[in-house]
1. Could you check Cys76 against (1) modelled with pLDDT of 85 or more; (2) under 19 Å from Ala25 (Cβ atoms); (3) assigned to a helix (DSSP H, G or I) and say which number it fails?
2. Any idea which residue in region 76-99 is farthest from Ser55 (Cα to Cα), counting only those that are among the small types (Gly, Ala, Ser) and surrounded by fewer than 18 Cβ atoms within 10 Å (Cβ to Cβ)?
3. When both residues are 6+ apart or on different chains and their Cβ atoms are under 9 Å apart, which pairs have a first residue that lies in region 106-125 and is among the hydroxyl-bearing types (Ser, Thr, Tyr), and a second that is open to solvent by 70 Å² or more (accessible area, probe 1.4 Å)?
4. Does Gly118 qualify as being buried (at least 16 other Cβ atoms within 10 Å of the Cβ) and within 12 Å of Leu13 (Cβ to Cβ)?
5. Is it true that some residue in region 85-102 is under 15 Å from Gly9 (Cα atoms), part of a helix (DSSP H, G or I) and of a type in the set (A, V, I, L, M, F, W, C)?
6. Report whether or not Phe110 is of a type outside the set (D, E, K, R), out of contact with any Lys or Arg (no Cβ under 9 Å at 6 or more places or on another chain) and outside any helix (DSSP H, G or I).
7. Within region 42-59, track down each residue that is over 17 Å from Gly99 (Cβ atoms), surrounded by 13 or more Cβ atoms within 10 Å (Cβ to Cβ) and among the hydrophobic types (A, V, I, L, M, F, W, C).
Amino acid sequence: MEQNIQPQGKNFLKVTGILMIIAGAIAIITSLIAIAGIAFLISIGAGTPFLYVASIFMVLSSAMELVAGILGVKNCARPDKAQSCIVWSAVVAAFCVLGSILTVVGGGSFPVFSLLLGLVLPALYIIGAVKNQQK
């Protein structure tokens, strides 16, 4: 009788992938709302074009999180795809850090809490992908 052996991190990667899909979708919606708000602020002279750059960056970051989540769910049973999941999650984490830097450059205070929250899910996703590689 042959056993169907599943990768160790299959469920972990799948759950974190689903969470990244949810977070990415919510972030895309809020990014689009932010762009509309920025357009209004600029039209009344209260905003700067730098806000557009930050919001476009936010949309790209959110889309990457959504893609990473989809890839995690789609490939959670495929250890050969774990490396690409690790790369996508690292990109999402890098965009989170870059977003925090943009916040500071744009005149805001350093978002420590936001940065930590933004790195937790990609870190858990990477753990799931690494476990998925192990046999």
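The values are calculated or read from the model by the stated rules, or taken from the named source; none is laboratory data. Computed from a prediction, not measured in an experiment: that's the story for all the values here. Reconstructed Cβ throughout: ideal geometry from the backbone, glycine too, with neighbour counts over all protein chains shown. With ligands, DNA and RNA removed, areas are computed over all heavy atoms of the protein, side chains included. Shrake-Rupley method; radii C 1.70, N 1.55, O 1.52, S 1.80 Å.
1. Failed condition: (3).
2. Ranking the qualifying residues of region 76-99, first place goes to Ala77.
3. Listed by first residue and then by second, the contacts come to Tyr125/Phe12; Tyr125/Leu19; Tyr125/Trp88.
4. The answer is no for Gly118.
5. yes
6. Answer is yes for this residue.
7. Ile42 - this is the single residue of region 42-59 that is over 17 Å from Gly99 (Cβ atoms), surrounded by 13 or more Cβ atoms within 10 Å (Cβ to Cβ) and among the hydrophobic types (A, V, I, L, M, F, W, C).
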